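Heads up: the structure comes next, in structure tokens.
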Amino acid sequence: MTPEIIFTIITIIVMFVLMVTEVIPLPATMALAGVALCLAGIVEPAKLYSEWGGSTIMFLILMSIIVDALTQTGIVQNLGDKLFTGKLIQNQRLAIFVVCMFCGIATGFLSNTALVVMMIPVLATMVVKSNGALKMKYMLLGAATEATVGCSISLIGGAPNLAMQGALVDAGVETLGFFSAAPLTFILVVITAIYFSTIGYTLMVRTCDFDDSEVVEQNCQRERIVCPLWKKVLTLAVLVGCIVCFILEIADNQLICFIGVIILWVTGCAKPKTSLKAVDWNTMWVLNFALVVAAAVNSSGTGSFVADLVLELCGAENASYVVVLIAVCLIGGVLTQVMSNTATNAMFGPICISIALSLGISPLALCIPVMIIVNCAVISPLGSPCMTVALVGGYRAKDYLVVGLPLMFILIASGVLGGLLLYGI
């Protein structure tokens, strides 16, 4: 074990402790880790800021602007009004299932954090219209969880996906396609929706013994967005057009996004100042330094070291893909519950790639299932910003744990099995 590997491991451990204890804010923790690795000579100083102009972060910024246009034009609001009405607001379990499915799919194309924020007034309005049939505390946690679980449906679903993509790009191996993780992610979205409308609902009734009337009253009033129909049509056309171009690989993804943003700004479908304010710069900051840590894991040899250690524990030369996948998914699935899923994916990317190359298999056979499971940070408000936003619903740490712990093991088991069937060699 070289001094570089030792220092990188110590840095990651300290970073992990700071994330769990929240002694300092997450952006400060990630920056501290990056600067420490730079001072140690493990990464070049330019690496600390070069990612801001890199393809990964620029892609996420541009897509955030395009997706925010859906909110500015009122499309998201209109969709919520159409979906969450009628008989749906008279049955709690049915309402939970539909809300979960909506959030689980929508998060693949919207900012998952913004989606949860948007859903709070929507759910509050549903509760008021139901005349007591619905409780917000039984729906918001499911919505936030699905926004976390479903973000792997597409490459633009969240920063954790791009953290894994960044590791694949740096390694010079096959990268993720736009919908590479969609099949398995959709299965987990359905499982999560069923869980929250059955077992999860029962657990919430038992543990969520607080009143949510104050939260409902504060969020049930929404300002109506008035926008010409042609702007809504054009905004949808830009988003769909970008996705089609990504899939067909017509041009560089960032170039496609730039063209989309220009169209939206020039036509007035989105306001530049509003769009730039809507970008989650906190996430961009964390992603930047997560990529710095990932680069250090790769350049210091820590990724190869950990990969060899995992292979040794799984049987060295006789290690099988199945055993390795179970081990890595279990470790990543548990670790992500108490630290940023973006940082976890950034660290596990180089490790999964090294393991896959040692086994002689495609890195995607490990990276996709691991990425999906690592994104499922569901038992605390620490692993994902979505779960943090849900705290406004009045949830306590024990509520997250009681409701999320059984789901965590179900998702890990389902993710491993689905990974073997869908991406296995």
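In this structure, does G108 turn out to be of a type outside the set (A, V, I, L, M), at pLDDT 85 or above and not in a helix (DSSP H, G or I)?
On the way: of a type outside the set (A, V, I, L, M): yes; at pLDDT 85 or above: yes; not in a helix (DSSP H, G or I): yes.
Against the criterion (of a type outside the set (A, V, I, L, M), at pLDDT 85 or above and not in a helix (DSSP H, G or I)), G108 qualifies.
Here are the criteria: (1) open to solvent by less than 30 Å² (accessible area, probe 1.4 Å); (2) under 21 Å from the mean Cα position of the chain (by Cα). Tell me which single one V238 does not satisfy.
Among (1) open to solvent by less than 30 Å² (accessible area, probe 1.4 Å); (2) under 21 Å from the mean Cα position of the chain (by Cα), the lone unmet condition for V238 is (2).
Kindly indicate which of V238, V266 is over 19 Å from I156 (Cα atoms) and at pLDDT 90 or above.
Values: V238 fails: over 19 Å from I156 (Cα atoms).
Unique residue meeting the criteria: V266.
Count, please, the residues in segment 335-352 that happen to be open to solvent by less than 10 Å² (accessible area, probe 1.4 Å), β-branched (V, I, T) and at pLDDT 85 or above.
Total satisfying the criteria: 0.
From the list S304, S320, S275, S300, which one is small (G, A, S) and exposed (fewer than 13 other Cβ atoms within 10 Å of the Cβ)?
Among S304, S320, S275, S300, only S320 is small (G, A, S) and exposed (fewer than 13 other Cβ atoms within 10 Å of the Cβ).
Please verify whether W281 is free of Cβ contacts under 8 Å to residues at least 60 places away in the same chain and within 25 Å of E44 (Cα to Cα), treating the condition exactly as stated. Show your work before the answer.
Working: free of Cβ contacts under 8 Å to residues at least 60 places away in the same chain: yes; within 25 Å of E44 (Cα to Cα): yes.
Considered against the rule, which asks whether it is free of Cβ contacts under 8 Å to residues at least 60 places away in the same chain and within 25 Å of E44 (Cα to Cα), W281 comes out as yes.
Here is a list of conditions, (1) in contact with a Leu (Cβ under 8 Å, 6 or more places away or on another chain); (2) in contact (Cβ under 8 Å) with a residue 40 or more places away in the chain, and V205 meets all of them except one; can you say which number that is?
It fails just one condition, (1).
Pairs, please: C-beta under 8 Å, at least 6 apart or cross-chain, first residue part of a loop (DSSP other than H, G, I, E, B) and in segment 54-81, second surrounded by fewer than 19 Cβ atoms within 10 Å (Cβ to Cβ)?
The qualifying pairs are T73/I225; T73/C227; T73/K232; G74/R224; G74/I225; G74/V226; G74/C227; G74/K232.
Name the helices (runs of 4 or more DSSP H) wholly within segment 116-217 that hold at least 3 residues that are β-branched (V, I, T) and within 30 Å of F289 (Cβ to Cβ)? Explain how you work it out, then say what you get.
Numbers: elements: 140-149, 159-171, 182-196, 199-207.
Qualifying helices (runs of 4 or more DSSP H): 140-149, 182-196.
Just one of G142, G166 is crowded, with 24+ Cβ neighbours inside 10 Å, of a type outside the set (F, W, Y) and within 16 Å of V378 (Cα to Cα); which is it? I'd like the intermediate steps shown before the answer.
Numbers: G166 fails: within 16 Å of V378 (Cα to Cα).
When all the criteria are applied, what remains is G142.
Of all residues in segment 284-324, how many are part of a helix (DSSP H, G or I), more than 26 Å from A40 (Cβ to Cβ) and either in contact with a strand residue (DSSP E or B) (Cβ under 7 Å, 6 or more places away or on another chain) or not aromatic (F, W, Y) (or both)?
Result for segment 284-324: 9.
Looking at segment 381-422 only, could you name the residues that are at pLDDT below 85 and open to solvent by less than 20 Å² (accessible area, probe 1.4 Å)?
Scanning segment 381-422 gives G383, S384, C386, M387, A390, G393.
Among the residues of segment 254-269, is any closer than 30 Å to E4 by Cβ and aliphatic (A, V, I, L, M)? It would help to see each step written out before you state the result.
Pass one, segment 254-269, residues closer than 30 Å to E4 by Cβ: none.
Taking every residue of segment 254-269 in turn, none turns out to be closer than 30 Å to E4 by Cβ and aliphatic (A, V, I, L, M).
Taking V370 as the residue in question, decide whether it is at pLDDT 85 or above, of a type in the set (A, V, I, L, M) and either surrounded by 24 or more Cβ atoms within 10 Å (Cβ to Cβ) or in contact with a strand residue (DSSP E or B) (Cβ under 8 Å, 6 or more places away or on another chain) (or both). Show your work before the answer.
Working: at pLDDT 85 or above: yes; of a type in the set (A, V, I, L, M): yes; either surrounded by 24 or more Cβ atoms within 10 Å (Cβ to Cβ) or in contact with a strand residue (DSSP E or B) (Cβ under 8 Å, 6 or more places away or on another chain) (or both): yes.
Taking the combined requirement at face value, the residue satisfies it.
Which condition does A40 not pass, out of (1) open to solvent by 60 Å² or more (accessible area, probe 1.4 Å); (2) more than 22 Å from D280 (Cβ to Cβ); (3) not aromatic (F, W, Y), if it passes all the others?
All conditions are met except number (1).
Restricting the search to segment 155-189, which residues are polar (S, T, N, Q) and either free of Cβ contacts under 8 Å to residues at least 60 places away in the same chain or under 13 Å from N341 (Cβ atoms) (or both)? Show your work before the answer.
Filtering segment 155-189 for residues polar (S, T, N, Q) gives 161, 165, 175, 180, 185.
Correct list: N161, T175.
Look through segment 241-251, keep the residues that are hydrophobic (A, V, I, L, M, F, W, C) and part of a helix (DSSP H, G or I), and return whichever of them is farthest from I156 (Cα to Cα). Write out each step before concluding.
Step one: list which residues in segment 241-251 are hydrophobic (A, V, I, L, M, F, W, C), which gives 242-248, 250-251.
Subsequent filtering for residues that are part of a helix (DSSP H, G or I) retains 242-248.
Values: C242: 11, I243: 10, V244: 13, C245: 14, F246: 11, I247: 12, L248: 16 Å.
Of everything passing the filter in segment 241-251, L248 is farthest from I156 (Cα to Cα).
Go through segment 325-410 and tell me which helices (runs of 4 or more DSSP H), entirely inside it, have 1 or more residues that are under 13 Å from the mean Cα position of the chain (by Cα), more than 21 Å from T185 (Cα to Cα) and without any contact (Cβ under 8 Å) to a residue 24 or more places away in the chain.
Values: elements: 341-359, 364-374, 385-389.
Hits in segment 325-410: 385-389.
Conditions tested, residue by residue: (1) touching a Gly at 6+ places or on another chain (Cβ under 9 Å); (2) modelled with pLDDT of 95 or more; (3) closer than 20 Å to M136 by Cα.
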position: I191; (1), (2), (3): no, yes, no
position: D209; (1), (2), (3): no, no, yes
position: V215; (1), (2), (3): yes, no, yes
position: Q221; (1), (2), (3): no, no, yes
position: R224; (1), (2), (3): yes, no, no
position: C227; (1), (2), (3): yes, no, no
position: K232; (1), (2), (3): yes, no, no
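If we keep just the residues of segment 17-36 that are farther than 12 Å from A290 by Cα and in contact (Cβ under 8 Å) with a residue 40 or more places away in the chain, which is most open to solvent (accessible area, probe 1.4 Å)?
So the residue we want is E22.
Could you list all residues from segment 1-44 that are under 23 Å from A159 (Cβ atoms) and either aromatic (F, W, Y) or not in a helix (DSSP H, G or I) (or both)? Break it down stepwise before answering.
Pass one, segment 1-44, residues under 23 Å from A159 (Cβ atoms): 8, 11-38, 42-44.
F16, E22, V23, I24, P25, I42, V43, E44, listed by residue number.
Do you know which residues across segment 382-423 are in contact with a Gly (Cβ under 6 Å, 6 or more places away or on another chain) and under 13 Å from I372 (Cα atoms)?
Matches in segment 382-423: I412 only.
The values are calculated or read from the model by the stated rules, or taken from the named source; none is laboratory data. Everything quoted here is computed from the prediction, not taken from an experiment. Cβ atoms come from the backbone with ideal geometry, glycine included; neighbour counts cover every protein chain shown. Each accessible area value is taken on the protein alone, full model and side chains, heavy atoms only, with ligands, DNA and RNA left out. Shrake-Rupley method; radii C 1.70, N 1.55, O 1.52, S 1.80 Å.
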